[in-house]
Amino acid sequence: MEKILVTGAAGGIGTRMRKLLKGVYPSIRWSDIKKPDDLTAGETFMTCDLANLAEVEKIVAGVDGIVHFGGYSIEGPWETILNSNIIGCYNLFEAANRAGVKRVVFASSNHAVGFYPRADKIGVNVTVRPDSRYGVSKAFGEAIGALYADKHGLRVTCIRIGNFGDAPIDKRRLSIWVSPEDLVQLVRIGLEHADIRFEIFYGASDNAAAWWDNSNAKRFGYKPQGQAEKYRDSAMAAQAAVLPDPIGDRYQGGTFCSDEYDADKRG
Ligand code: 15L
């Protein structure tokens, strides 16, 4: 991979990735709907509204691989999810295919499977159980990634990212935390491993309390270094300040599950 496009450059993950991916690939083009405040002179940046196919075609032109962190990263109104994550994701894969891009790494989310109970340990072959319109959009992204891989030969890796950050911030995140360095490892497998066709990985570090079987990522050489247990005391101290959430605490997606929840109304 010589030339890479990374979308979502101004977001939380993108901002961190701009530092961690520096120098890893000869040419990296960063993109977002707005210019990052801390863009440096050496960084190549193009503004793009993902909902506009003509703009997406401009940012994908000439690249070998794409890391798609762009889009709306939490639950939102349908119009927002539709434009940023559904139409935006379609545009990204369609433009990538037209431009002859070889690989796409798609930032999926744990919220594509958020309605699995915490008591379950799931792998990547389970049926999607989205916990929100946002989760539905991530399941859509995985499905359209599979279509472009199977029908058009694009090499696609979907990473169901747990919670990205320097440390797990509460009890739920002890199970789903991913360190920035471990996420970089997964992205690089998606961009570089010779045997990738269509794969789903969990974006999680080496967490003893994991709800996910990440053996598929390990099959491709993933060796997570982060261990959530090292931060158990601080995570549980933060959890003590959080009110109990009977629905959110039962399911993997947490508050994304309890938000708007009224499944009991039909008796
Ligand atoms: C996500 O997918 C979100 O982008 C992030 O903001 C967190 O909510 C994370 O999941 C999580 O589940 O903690």
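The values are calculated or read from the model by the stated rules, or taken from the named source; none is laboratory data. Remember, it's a predicted structure, so these values are computed and weren't measured experimentally. Note that each Cβ is placed from the backbone with ideal geometry, even for glycine, and that neighbours are counted across all protein chains shown.
At-a-glance table
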{"read-out": "Pair list, Cβ under 7 Å, 6 or more apart: the stretch 113-125 residue under 7 Å from Q252 (Cα atoms), other residue part of a loop (DSSP other than H, G, I, E, B) and of a type in the set (K, R)", "value": "G114/R129; F115/R129; Y116/R129; P117/R250; R118/R250"}
{"read-out": "Of residues in the stretch 193-209 being in contact with a Phe, Trp or Tyr (Cβ under 8 Å, 6 or more places away or on another chain) and not in a strand (DSSP E or B), the one surrounded by the fewest Cβ atoms within 10 Å (Cβ to Cβ)", "value": "D195"}
{"read-out": "Members of the stretch 129-148 that are acidic (D, E) and out of contact with any Asp or Glu (no Cβ under 9 Å at 6 or more places or on another chain)", "value": "E142"}
{"read-out": "Selection count where residues are within 27 Å of E94 (Cβ to Cβ), small (G, A, S), assigned to a helix (DSSP H, G or I) and within 16 Å of the ligand (Cβ to nearest atom), scope the stretch 128-181", "value": "4"}
{"read-out": "Any helices (runs of 4 or more DSSP H) falling wholly within the stretch 1-119 and containing at least 1 residues that are within 16 Å of the ligand (Cβ to nearest atom) and out of contact with any helix residue (DSSP H, G or I) (no Cβ under 7 Å at 6 or more places or on another chain)", "value": "12-20, 78-81, 88-98"}
{"read-out": "Meets criteria (touching a residue at least 60 places away in the same chain (Cβ under 8 Å) and touching a strand residue (DSSP E or B) at 6+ places or on another chain (Cβ under 8 Å)) for G162", "value": "no"}
{"read-out": "The listed residue being part of a loop (DSSP other than H, G, I, E, B), surrounded by fewer than 13 Cβ atoms within 10 Å (Cβ to Cβ) and either away from the ligand (no atom under 16 Å from the Cβ) or at pLDDT 95 or above (or both), out of P246, P224", "value": "P246"}
{"read-out": "Cβ pairs under 6 Å, 6+ apart, first in the stretch 238-261 and charged (D, E, K, R), second part of a helix (DSSP H, G or I) and surrounded by 16 or more Cβ atoms within 10 Å (Cβ to Cβ)", "value": "D245/S258"}
